[in-house]
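J.: Got a structure for you, written out below as structure tokens; questions coming shortly.
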Amino acid sequence: MTPINNAPRRMMRQLHEIMASEDDAEVRLNKVVHLVASNMVAEVCSAYFIRGDMLELFATEGLKSEAVHNTRLRVGEGLVGLVASTRSSLNLSNAQDHPKFVYRPETGEEIYKSMMAVPILRSGKSVGVLVVQNQASRHYSEEEEEALQTVAMVLAELVVSGDLITSHDQNDGNGDRSSTTRFKGMVFAEGLAEGVVVMHEPRVEITQHLSEDYEGQLKRLDKGFENLLAQIDEIMSAEDILHHGEHREILDVYKLFARDKGWRQKIEDAIESGLTAEAAVEKIQVENRTKMMKTEDPYLRERLSDLDDLANRLIRHLMGKAGTAASKGLPENAVVVARNMGPAELLDYDRDKLKAVILQEGTPTSHVAIVARALGIPMLGQIEENLLDIDEGVQIIVHGLDGEIFISPPPDILESYRDAIGARAKLLARYDDMRDMPTVTKDGVEIELVVNGGLTMDIEGMHRTGARGVGLFRTEFQFMISKTLPRIGPQAEFYKSIIDAANGKPVTFRTLDIGGDKEVSFLKRDDEENPALGWRAIRIALDRPALLRYQLRALITAAAGTTLNVMFPMITNVDEFRLAKSILEKELARHRLNKRAMPKEINVGTMLEVPSLVWQLDSLLPLVDFVSIGSNDLMQFFYACDRDNPKLSNRYDPLSPPSLHMLKYIVKKCNEAKVPLTLCGEIGGKSVSALALIAIGFRRLSIAPAAIGPVKMMIRSLNLAEIEQYINELLSRSTSSIRPDLEAYARDHDVKI
Ligand code: PEP
Ligand code: MG
């Protein structure tokens, strides 16, 4: 008999005829297993499908007929179960040697040595397994494996149509979804949510696998690739270029793959064998997945998983369903799951319906995370296991406080989370109630709380929480969402809109802090070995003064008739501050000369985020109107510890004697010089570290709007004189963290942290 690799088209034609016939599904299935067995010189061909939670033998050529509908295996059990659970093929010359082999006497399969099994997939999930077996020990060729995969894909149509198994009985081979699954991730934006899973990039179901129109399918493939490349280009250069870091790298890899001739050729070959373009892409995707399962190399695995993702995108383009879930409209209580996304994509969602976002990857300092925090949408990222496979529509709980996710939670967990959601809502309501209450300690010391921002919505946050102003406005966000250097006019308008929205409350603008991880498209920079220590912030501004001059001009214009508070980032020595300030003065003089409306008052300050500046305070303080500590950077440089590296996240605690001694010294110096001091890094926003900061003398903290409520509650429950004494004792210890002592203190003294 002729092996299939010599006559694939003939078999495809026969397959096409069988599938298109009027016969009922079981009859068609029987004909297909017969066709495969005869074409592949196999003594056995069997088809298993998942019904309920079990894989069930539905049709066989060669095994005992009484086994049909009687032989059942759990997903993961035996070799057939293994193929279903891993969604990758097996090709074994002696199946009985495999540790997973299980023997089912009713089938009479003990005489068959060699075996090849491929998954039957529907939307990327296992719905069954197709198997061939031979008595002789033989290795099936690559072509035979490919042919079997093609048949398996076509058989998936029987499941899609619901003809073979009712939809009620359908399940997938990727775990029992009726049982709860728990995942761990990292909290990017705090909050609790309950809802249903929506995939950011929805999976689509292939309904048509076979086609005789080879040319037509090739044209569709061309168009699909064209659209795919255009989409990637658009994401990379769109207005929302806040995609950066890892996300951009992934997109670069996608582009490489999308142009990869080898990948494309394989798809074209699959089309030639009689598949539609989308089925051909899926077929190569399955082969790729098999490779992915086998490779140990983590880098290669990651690239293969990129290719998997890209294949999904290409299939969506081919089926005319390329948009994200935002364009489809969300169900109520949607929890969107994505591999990654940009901030503009997040902003596309209907905020009333979007309850939480889960990113398979992402980093907490990425801009999408910053936007999620600003919007108050809980966000988890860096999920330990692959979540991109879960079913849409299943119930999900997102615990965006301790980083837990529950899929299909049982009633008791659901109830306890609903209690937690209720308790949190009450807590948030209590924060709202405190909005107009003074931020004073129990012993009457006033602490000023202001917010960090960079988006218009942060100003809403300031009003909502009753914060006294904006202590840090990160102007770079505006630059990062623009393809070209924003012109002075629109810049000035934007700053004015912020000043107006603040409605009389002070706003401190920080000049451009780009570089490091913050990329802007209009300024090309060399790759740097250590970008955080590189050409960034004021260093760029002083080397490219036009950028700074235009920004200052826009700020001066925006603040006409009111107070302009402006500060410079990453100042490392006094000369840099002098230079930056002299540029501001020149711009002011120019403005005056042109008889333009001037700000009523101008305060010029500096960020203190480089340790060297701490040792220049004597010469710096007489020059500045205020100082603002950027503790994120200050701590990263103080501890030589990358703030964006998740592996180092909790390695060194800023709540330890060395860093607190340094901060205390800054407080002392600023107090002596009567220079107002603010701290505007993340540590100010955590109640326990805010407690330490206040105890060592800070009286003004600039924190995220969402942190205002909890920090204010802590302050109002604190007796400052007592903790001042205690912290001095803690600072004399040689310990790497005083956090546990502060937490214990708070517990014992009823301080609400
Ligand atoms: C800081 O470094 O603490 C800071 C507030 O600035 P950014 O987080 O924008 O670098
Ligand atoms: Mg900084």
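Nothing in this text is a laboratory measurement; each read-out follows from the coordinates by a stated rule. The shown structure was predicted, so the numbers you read here are calculated from the model rather than taken from an experiment. Every residue, glycine as well, gets a Cβ built from its backbone with ideal geometry; the counts of neighbours run over all protein chains shown.
J.: Please give every one of the lysines within straight-line cross-link reach of Lys261, meaning a C-alpha to C-alpha distance under 17 Å, and leave out same-chain neighbours fewer than 8 residues apart.
T.: Partners within reach: Lys219, Lys223, Lys283.
J.: So, one more: Which pairs break 26 Å Cα to Cα here: Lys355/Lys426; Lys586/Lys664; Lys31/Lys64?
T.: With Cα atoms farther than 26 Å apart: Lys586/Lys664.
J.: Which of Leu579, Leu375, Ile50 sits closest to the plus end of the dipole of the chain, meaning its Cα is farthest towards the positive end, when Lys and Arg get +1 and Asp and Glu get -1 on the C-beta?
T.: Leu579
J.: Still on this structure: Once you put a point 7 Å from the Cα of Leu218 and another 7 Å from the Cα of Asn719, both along the Cβ direction, what distance in nm separates them?
T.: So the label points at Leu218 and Asn719 sit 8.6 nm apart.
J.: Principal axes first, then extents: for the Cα atoms of the chain, list largest minus smallest coordinate on each axis, whole Å, largest first.
T.: Here the Cα extents, ordered largest to smallest, are 96, 60, 42 Å.
J.: Report, for the chain, the % of DSSP beta bridges that are antiparallel, rounded to 5.
T.: 55 percent
J.: Turning to a different aspect of this structure: Which distance in nm do the two modelled labels at Thr484 and Leu542 give, with both placed 7 Å along the Cα-to-Cβ direction?
T.: Each label point is offset 7 Å from its Cα along the Cβ direction, giving 3.1 nm.
J.: Ok, one more. How high is the relative contact order of the chain, in percent, counting Cα pairs under 8 Å that sit 6 or more residues apart?
T.: For the chain, the relative contact order is 10 percent.
J.: Calculate how steeply helix 545-558 sits against the longest principal axis of the alpha-carbon atoms of the chain, using the helix alpha-carbon long axis, and give the answer as 0 to 90 degrees to the nearest 10.
T.: 70 degrees
J.: Right, something else. What full-extension length gain, to one decimal in nm, is calculated for Lys294 and Arg259 as 0.36 nm per residue of separation minus the Cα-Cα distance?
T.: Taking 0.36 nm per residue and subtracting the Cα distance, the gain is 10.1 nm.
J.: When only C-alpha pairs under 8 Å and at least 6 residues apart count, what is the relative contact order of region 669-745, in percent?
T.: It rounds to 31 percent for region 669-745.
J.: Relative to a virtual label point 7 Å from the Cα of Leu428 in the Cα→beta-carbon direction, which members of region 327-362 show backbone nitrogen distances below 11 Å?
T.: Residues 355-356 qualify, since their backbone N sits under 11 Å from the label point.
J.: Hey, with R₀ at 25 Å, roughly what FRET efficiency would Asn728 and Trp615 work out to, going by the Cβ-Cβ distance, to 0.05?
T.: Calculated transfer efficiency: 0.65.
J.: Place +1 on the Cβ of every Lys and Arg and -1 on the Cβ of every Asp and Glu in the chain, take the dipole about the Cα centre, and give the residue among Leu130, Ser273, Leu218 whose Cα lies farthest towards its positive end.
T.: Going by the Cα projections, it comes out as Leu218.
J.: Another question, then. Over region 2-161, what relative contact order in percent results from Cα pairs under 8 Å that are six or more residues apart?
T.: Here the relative contact order equals 21 percent.
J.: Taking amide H positions as placed 1.01 Å from N in the peptide plane, with prolines and chain starts having none, which residues 5 or more places from Ile629, or on another chain, fall under 5 Å of its amide H?
T.: For Ile629, the qualifying residues are Leu608, Thr678, Leu679, Cys680.
J.: For region 43-64 and region 533-593, what is the separation of their C-alpha centers, rounded to whole Å?
T.: Cα centroid of region 43-64 versus Cα centroid of region 533-593: 74 Å apart.
J.: Here's something else I'd like to know. So if R0 is 41 Å, what FRET efficiency would Asn671 and Asp436 give, r being the distance between their Cβ atoms, rounded to the nearest 0.05?
T.: Here the calculated transfer efficiency is 0.90.
J.: Are any of the pairs Lys125/Lys321; Lys184/Lys353; Lys505/Lys600 more than 21 Å apart by Cα-Cα distance, and if so, which?
T.: Lys184/Lys353
J.: Counting other Cβ atoms within 10 Å of each Cβ, which GluC sites (Glu not before Pro) in region 494-549 have at most 15 and sit in a DSSP loop?
T.: Hits after loop and neighbour filter: Glu528, Glu529.
J.: By how many nm would the segment from Leu414 to Arg596 grow when fully extended, if each residue of separation counts as 0.36 nm and the alpha-carbon distance is taken off?
T.: 59.3 nm
J.: As I understand it, the dipole of region 290-339 uses +1 on the Cβ of Lys and Arg and -1 on the Cβ of Asp and Glu, about the Cα centre. Which of Gly320, Leu304, Ala338 lies farthest toward its positive end?
T.: Positive-end residue among those listed: Gly320.
J.: In whole Å, what is the distance between the alpha-carbon centres of region 655-676 and region 686-719?
T.: Between the Cα centre of region 655-676 and that of region 686-719, the gap is 16 Å.
J.: Let me ask something else about it. Placing +1 at every Lys and Arg Cβ and -1 at every Asp and Glu Cβ, with all other atoms neutral, what dipole size does the chain have around its Cα centre, in debye to the nearest 20?
T.: With only Lys, Arg, Asp and Glu charged at Cβ, the dipole is about 3220 debye.
J.: Okay, helix-only estimate at 222 nm for the chain: each DSSP H run of n ≥ 4 adds -39500 (n - 2.57), divide by all residues, round to 500 deg cm²/dmol; what do you get?
T.: It comes out at -13500 deg cm²/dmol, rounded to the nearest 500.
J.: Arranged from highest to lowest average of other beta-carbon atoms within 10 Å per residue, in what order do the peptides 682-692, 595-605 appear?
T.: The densest-packed peptide leads the list: 682-692, 595-605.
J.: While we're looking at this one, here's another question. Please find the FRET efficiency linking Arg651 to Glu234, where r is the Cβ-Cβ separation and R0 is fixed at 30 Å, and quote it to the nearest 0.05.
T.: Using R0 = 30 Å, I get an efficiency of 0.15.
J.: Here is a follow-up. Within region 479-573, report the chymotrypsin sites (Phe, Trp or Tyr not before Pro) that DSSP leaves as loop and that have at most 16 other Cβ atoms within 10 Å.
T.: Phe522, Trp535
J.: If the only charges are +1 at each Lys and Arg Cβ and -1 at each Asp and Glu Cβ, what is the size of the charge dipole of region 2-161 around the Cα centre, to the nearest 20 debye?
T.: I would put it at about 260 debye.
J.: Here is a further query. Report, in debye and to the nearest 20, how large the dipole of region 434-748 comes out about its Cα centre when Lys and Arg carry +1 and Asp and Glu carry -1 on their Cβ.
T.: 1040 debye
J.: Indicate the gyration tensor shape class of region 383-483 (rounded, prolate or oblate), computed on the Cα atoms with a ≥ b ≥ c the square roots of the eigenvalues: a/c under 1.5 is rounded; otherwise a/b larger than b/c is prolate and the rest oblate.
T.: Since a/c reaches 1.5 but b/c is at least a/b, the shape of region 383-483 is classed as oblate.
J.: Also, quick follow-up: Rounded to whole Å, give me the distance from the Cα center of region 417-472 to that of region 102-118.
T.: If we compute the Cα centre of each part, the gap is 67 Å.
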